[in-house]
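Here is the structure we will look at, set down as structure tokens.
No value in this document is a laboratory result; all are computed from the given coordinates. From a predicted model like this one, the values you see are computed outputs, not experimental measurements. Reconstructed Cβ throughout: ideal geometry from the backbone, glycine too, with neighbour counts over all protein chains shown.
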Amino acid sequence: MSKQIKLKEITSMEEDFGRWFTDICVKAKLIDYSGIKGFFILRPYGYALWERIMGELDKKFKETSHENVSMPLLIPESLLQKEKDHVEGFAPECAWVTIGGSEELPERLCIRPTSETLFCQHWANIVSSWRDLPCLYNQWCSVLRWEKTTRPFLRGREFLWQEGHTIHETGEEAEEETIRMLNIYADLCENILAMPVIKGRKTDKEKFAGAVDTYTIECMMHDKKALQSGTSHYFGDGFSRAFDVKFQDRENKEAYPHQTSWGMSTRIIGGIIMTHGDNNGLILPPNIAPHQLVIVPIAAHKGGVVEKAAELEKRLKKADIRVKSDYSDNSPGWKFSEWEMMGVPLRLEIGPRDIEENACVLARRDTGEKIKLGLNNLEEEVQKVLADIQNNLYNKALKNRDENSFEANSLEELKAIIEENEGGFVKTMWCGDRECEEKVKELTGISSRCIPFEQENLGESCAICGKKAEMSIIWGLAY
RNA sequence: CCGGGUGUGGCGCAGUUGGUAGCGCGCGUGCUUUGGGAGCACGAUGCCGCAGGUUCGAGUCCUGCCACUCGGACCA
């Protein structure tokens with residue numbers, strides 16, 4: 001039908017991807033800047049998005065028997081230092097509280113960058129028997145990491161997340177838990193956020209400080225860079241030993257529980273933006289959109305329009321569609337652009353002409369297509385279109401990933417592909433040596449994303465050193 | 001942390017050799033409009049990022065700092 005106007009307020013992603021991203025964050029009213037570097041304000045629309053993600057995850061956590069708790073904000077330095085790798089990993093980006101009231105504190109307190117240490121300390125107090133296990137805990141909170149470079153959603157000094165922490169009788173049980181939670185993240189990404197994921201294990205170089213194994217889901221963004229969208233860690237009994245968490249097992253012997261932790265943060269919102277957004281703004285998959293459909297009344301002053309709009313709103317809400325009506329006195333064109341910028345999947349226009357025909361106009365955010373629609377089966381039709389948008393967004397993202405996924409048999413080839421394509425995923429065989437990984441990083445600037453669960457045999461030798469290959473691995477530029 | 005860019009009404013910007021802070025949009029009120037960012041009229045809004053310094057006088061010159069932004073390094 002009519003042409004889409006170009007919104008000058010948003011820098012095009014071809015011109016400058018970074019600016020395009022921050023423009024959307026601001027123009028879609030997701031965030032505002034606070035006065036302190038790296039601290040962002042989540043505005044109602046941004047928070048609504050996070051609330052929906054929380055709702056989806058929290059439901060799944062509870063279905064799998066997890067309980068929510070709340071841990072302190074502050075960690076005494078001595079507690080943080082009990083696990084060597086962990087403190088080395090986090091110390092460089094800790095912020096410290098040194099004064100309480102007007103008194104200098106006897107020991108400085110770290111503002112939590114993550115809460116493994118607090119959970120361990122607590123468990124040491126309350127766990128004594130195998131009957132106390134497993135402990136399946138989660139907390140929704142914010143954490144603080146003093147990052148040097150900050151960007152909305154992708155890297156804040158303070159960010160909202162959930163951190164799950166569990167302890168189990170056996171390593172097998174803990175490993176199962178680690179994978180179970182990774183799968184919950186993957187399901188959220190694929191089914192709700194329409195983001196295809198690659199599941200895999202991090203290399204020793206890339207894994208979490210103090211973990212035995214770190215598992216990850218990796219998504220590809222519009223600019224062909226990878227975003228680690230959720231992680232799940234298996235700790236073995238290392239933390240338990242360091243923090244003296246012990247229990248008496250079924251044979252009446254002293255044992256150390258095996259531990260996991262897993263997290264997903266508001267960073268995933270950055271992922272949604274960079275997976276689905278376009279040059280007119282945000283595009284939200286219907287399954288996560290705070291408003292799935294916005295009703296824009298046309299010539300609302302004319303008789304019957306407001307009443308009709310209200311009637312349709314009521315009908316659609318009854319059918320469990322999340323509807324927003326815009327009765328503001330902005331012009332229709334202004335509203336169209338505004339809600340497009342905000343990424344609402346569907347717009348319903350209703351005006352005097354439609355009322356005469358017992359119809360309305362539906363406009364899709366993903367394709368720009370306008371559909372004239374009779375009102376009789378409105379609810380069903382809207383459901384159908386929403387489902388189609390959800391599918392379309394997933395398929396588009398998958399296509400982008402497939403078109404930018406490659407295989408390489410040598411370091412030169414790997415480098416050439418990444419340079420020529422300006423990003424993407426490249427799969428190679430790998431011997432498993434850290435040296436090879438570091439060599440790739442040094443020579444090409446790219447890092448390993450993961451050792452995918454879905455292993456492939458692309459040859460017998462490591463693409464970097466030529467020695468015998470042990471596994472396939474995926475490389476890429478990362479956020 | 002290194003390098004580039006930017007800070008002036010809410011937003012985008014202009015501001016000459018230093019001499020009374022301006023424009024557009026938005027905002028408020030009223031009327032007319034309404035199917036892709038509507039029109040007219042009247043009106044309100046400024047620690048010129050912050051702190052020092054030079055000067056009779058600083059948005060403008062000097063020093064330091066802060067924030068935003070892009071790229072790089074670093075990063076679980």
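Key figures for this structure:
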quantity: Rel. contact order, % - alpha carbon contacts under 8 angstrom, at least six apart, segment A:155-269; calculated: 35 percent
quantity: Chain A: relative contact order in percent, alpha carbon pairs under 8 Å with at least 6 residues between; calculated: 14 percent
quantity: Local electrostatic count at A:Glu206 - Lys and Arg +1, Asp and Glu -1, tallied over other residues with Cβ under 12 Å; calculated: +2
quantity: Rounded to 5, percent antiparallel among DSSP beta bridges of chain A; calculated: 80 percent
quantity: Sum of -39500 (n - 2.57) over DSSP H runs of 4+, divided by residues of chain A (222 nm, nearest 500); calculated: -10500 deg cm²/dmol
quantity: Packing-based exposure ordering (other Cβ within 10 Å, fewest first) of A:Tyr47, A:Tyr185; calculated: A:Tyr47, A:Tyr185
quantity: Acute angle (nearest 10 degrees) that the helix A:171-187 long axis makes with the longest principal axis of chain A, alpha-carbon atoms; calculated: 20 degrees
quantity: A:Glu158 long-range amide H proximity, modeled H, under 5 Å; calculated: A:Phe40, A:Arg145
quantity: Rh (Kirkwood; distinct C-alpha pairs) - chain A, Å; calculated: 24.7 Å
quantity: Over 30 Å (Cα to Cα) - which of A:Lys59/A:Lys253; A:Lys246/A:Lys439; A:Lys29/A:Lys148; A:Lys199/A:Lys324; A:Lys84/A:Lys199 fall in this group; calculated: A:Lys59/A:Lys253; A:Lys246/A:Lys439; A:Lys199/A:Lys324
quantity: Neighbourhood net charge (14 Å Cβ-Cβ; Lys/Arg +1, Asp/Glu -1) for A:Ile75; calculated: -2
